[in-house]
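Heads up, the thing below is written out as structure tokens.
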Amino acid sequence: MQTVTSLSMLRNAISRLRKSNGTVGLVPTMGALHEGHLTLMRQAAAQCDHVVASIFVNPTQFGEGEDLDAYPRQLAQDSAMLEDENVSLLWAPTVEEMYPAGFASSIAVSGVSDNFCGADRPGHFDGVASVVCKLFNQVQPDIAFFGEKDWQQLAVIRTMARDLDLTLPHASAIIGVPTVREEDGLAMSSRNRYLSAQDRANAATLPKAMKAAIAAIEGGANVAASTSDLEKALLTAGFASVDYAALADAMSLQPLETLGAAPARLLVAARIGGTRLIDNMAVG
């Protein structure tokens, strides 16, 4: 695996990959890799001839008071894990390389970013859309792979690709890979390592409460009452607060008061022990 840290090195490396006439798959990450990320690498390897992974802790998607400085950085360990997955190329730019002096551009994707994490974390999805667009332009992959754990992020990226007529990759070549979970059902996340032993045990209530709410909604129960019961279950289990627990249209991310025929998702963000956890599951 080759590791590159400058844009000129990246372009030369991508050019060499392209000369083989094989397809290039991109897996963007912020590092602190776990089995969920490695599943993305394996999916990319199954569909593409060459896998490019990026590791970049993107400062523009962190708001004031969020965990940018504390976010785990372990490039050497992550690199070894990528080597074991036969990743062809690691793109690991510095902040200065990604955002040179005078950088003044941003992408805002309205609609799908308006609610949920978009409302709770102003500017977050502008930072996500902008850095992912840069990664697409830098690597020019045929296909890109993202985890479904952050369903809203996936919707933002797909909308951006569609609206800006991106061709490498185009919107339908942005692949969502199902969430990888721990044995107790908690979605794998780099932020899980922040949890104390007790908070980690209590965090398992999140997927259980979500499944109970989904069963109730699919059984005809009132959506508002079901999400309220979900919130109560989390607070009773030791969660400090619930940012949101809502049913939404799976494509538009508009909140739903009733379950209809269109695909829907239950989306939740809650805080425990100072850590913000997000999750989502299909409904219907």
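The table below gives the values:
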{"quantity": "Positive-end residue, the range 2-177 charge dipole about Cα centroid, Cβ charges, pick of Thr5, Leu38, Val57", "calculated": "Thr5"}
{"quantity": "Cα long-axis angle, helix 35-47 against the chain (0 to 90 degrees, to the nearest 10)", "calculated": "50 degrees"}
{"quantity": "Calculated FRET efficiency for the pair Leu164/Glu83, C-beta based, R₀ 30 Å, to 0.05", "calculated": "0.35"}
{"quantity": "Dipole of the range 190-278, positive end: most advanced residue of Ser226, Ser196, Ile278 [Cβ charges, Cα centre]", "calculated": "Ser196"}
{"quantity": "Mean Cβ neighbour count within 10 Å, used as a protection proxy, ranking 6-12, 56-62 highest first", "calculated": "56-62, 6-12"}
{"quantity": "Close Lys-Lys pairs in the chain, where close means Cα under 28 Å and separation is 8 or more or interchain", "calculated": "7"}
{"quantity": "Inter-probe distance in nm under a simple model that places probes 7 Å from Cα toward Cβ, at Gln74 and Ala224", "calculated": "4.5 nm"}
{"quantity": "Label point distance in nm, Glu35-Arg181, each placed 7 Å from Cα along Cα→Cβ", "calculated": "1.3 nm"}
{"quantity": "Charge tally in the Cβ shell below 14 Å around Glu148, where Lys, Arg are +1 and Asp, Glu are -1, Glu148 excluded", "calculated": "+2"}
{"quantity": "Within the chain: Cβ-based charge dipole about Cα centre, in debye rounded to nearest 20 (Lys, Arg +1; Asp, Glu -1)", "calculated": "420 debye"}
{"quantity": "Segment Ser241-Gln47, length gained on full extension (0.36 nm per residue, minus Cα span)", "calculated": "65.8 nm"}
{"quantity": "DSSP bridge pairs, the chain: antiparallel proportion in percent, nearest 5", "calculated": "50 percent"}
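Read-outs: derived from the displayed coordinates by stated rules, not from any lab. This structure is a prediction, so every number in the text was calculated from the model and none was measured. Heads up, the Cβs are rebuilt from the backbone with ideal geometry, glycines too, and the neighbour counts pull from every protein chain shown.
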